[in-house]
1. Would you look at the GNM of the chain, springs on alpha carbons closer than 10 Å, and say which of Ala286, Ala178, Ala111 moves the most?
2. Tell me which lysines have Cα within less than 19 Å of Lys101's Cα, excluding those fewer than 8 residues away on the same chain?
3. Test of understanding: in a Gaussian network model of the chain with alpha carbons linked when under 10 Å, which of Asp348, Asp267, Asp90 would top the mean-square fluctuation ranking?
4. What does the charge add up to near Ser153, with Lys and Arg as +1, Asp and Glu as -1, over the other residues with Cβ less than 11 Å from its Cβ?
5. Run down the lysines and flag those whose C-alpha is under 22 Å from the C-alpha of Lys254, throwing out any fewer than 8 positions away in its chain.
6. Pop out the ³J(HN,Hα) list for segment 226-235 in order, Karplus 6.51 cos²θ - 1.76 cosθ + 1.60 with θ = phi - 60°, rounded to Hz; leave Gly and Pro as x.
7. Between Lys298, Lys91, Lys334, which gets the highest mean-square fluctuation from a Gaussian network model of the chain, Cα cutoff 10 Å?
8. Within 10 Å of each candidate Cβ there may be at most 13 other Cβ atoms; applying that plus a DSSP loop requirement, which GluC sites (Glu not before Pro) in segment 235-291 survive?
Amino acid sequence: MKIKTANLKVGYILTEDVIGKSLTPLVPKKTMITEQIIEVLREFAIEEVVAEQEESLQLSSDLNITGSDINKTTNIYQKHGQTELSLPFDKLYQEAVQGYKKDFKNWQAGAGIEVGSVRGYFLPLLQMLEEDYTNILYVHKLANIEDYFYHHSISVGLFSGIIAQRMGFEKGEYYQAALAGCLADIGMAKVSNYIFRKKGTLTDDEISEIHTHPINSLKMIQESSSLKSSTKLAILQHHERLDGSGYPFGENSKRIPMLSRIIAVADAYHASICDHLYKEKKSPIASIIELMEDYFGKFDIKVLEVLMSIVAKLSIGTKVLLSNNEKAEVIYMKSAAITRPIVKTTLDSKIIDLEKKRDLFIKEILK
């Protein structure tokens, strides 16, 4: 039945889409009405909706209401998960970075790689993420410019494993994905130490030498029985791009399997969210938007969408910082645009639909 927005109450269920002025659904049908939804409807001058009253919130499960569309309960505020690394994970992470750093210096000195050694300090981290993946959302805050490279290798491995897990890979397969991400850059040990430590702009010849590191990485693990052939290929191809613009061979999409695509996304994403010698960091959400929009056609969109579902952990009530440095609160989530929700500014309570206001984006999720 049609109900005036002024008479709408929490607990009603929309039975038809609410259409905005752009003729696209502002709020989809089967959404449970909350205080935030009522506020959104008023701000967008929606005078009436088609809805039915629910006698029991238990019935909402039959209506296919999902958390990505709207808060499942009538609570006004949902907390945004955890806001910092747990102490056990933090400790293991720091130990893994130092373990990798020690191994890498040995590789630079000519020692062979022992995959079992890397597994020993790396896999316990991945196993912790299987229980609570939210720790991975904050590892970039621990990285520093001096040790960026070692943080990068551990973090790329973790992101690769979690993405593969979320994409439905079996346990053994996503463990291999994680190891591929962690070992992808070991070939940098064979690049001249001068180039590895150079802080200024690289020359063309120095860039060419850097571009040999995937081949070096493959050579270093080629004889390892602990890694599958698909894992070794992913290590070789982690800088290839679907449009043929990558290196070392400029492969196109037909010759780049999914595991390679996962490592490529994890590598590019972590590089973007950390400060290092060549560029300043971007926020996690801004980084994903950049990979999806500015680098369109280079990365697998399905992998990016999975990464986005991991990183853009937004919910109603989440406090955010916008790209204009204005603080706001998420008041409505859109399943088709999860990085661009409807927000209300803290200072003047202005309602902004970020999907339409393309010059603004979420810069940071606040504690």
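Derivation of every value follows stated rules applied to the coordinates shown; laboratory data play no part. This structure is a prediction, so every number in the text was calculated from the model and none was measured. Cβ coordinates were reconstructed from backbone atoms using ideal geometry, including for glycine residues, and neighbour counts include every protein chain displayed.
1. In the Gaussian network model the winner is Ala111.
2. Straight-line reach from Lys101, under 19 Å: Lys91, Lys141, Lys190, Lys198, Lys199.
3. In the Gaussian network model the winner is Asp348.
4. Details: positive: Lys101; negative: Asp103, Asp147, Asp185, Asp267.
Value of the local net charge: -3.
5. Cross-link targets: Lys228, Lys232, Lys298, Lys302.
6. 7, 10, 6, 4, 5, 5, 5, 5, 4, 4
7. Among Lys298, Lys91, Lys334, the largest GNM mean-square fluctuation belongs to Lys91.
8. Numbers: sites: Glu240, Glu251, Glu280, Glu290; in loops: Glu240, Glu251, Glu280.
Hits after loop and neighbour filter: Glu280.
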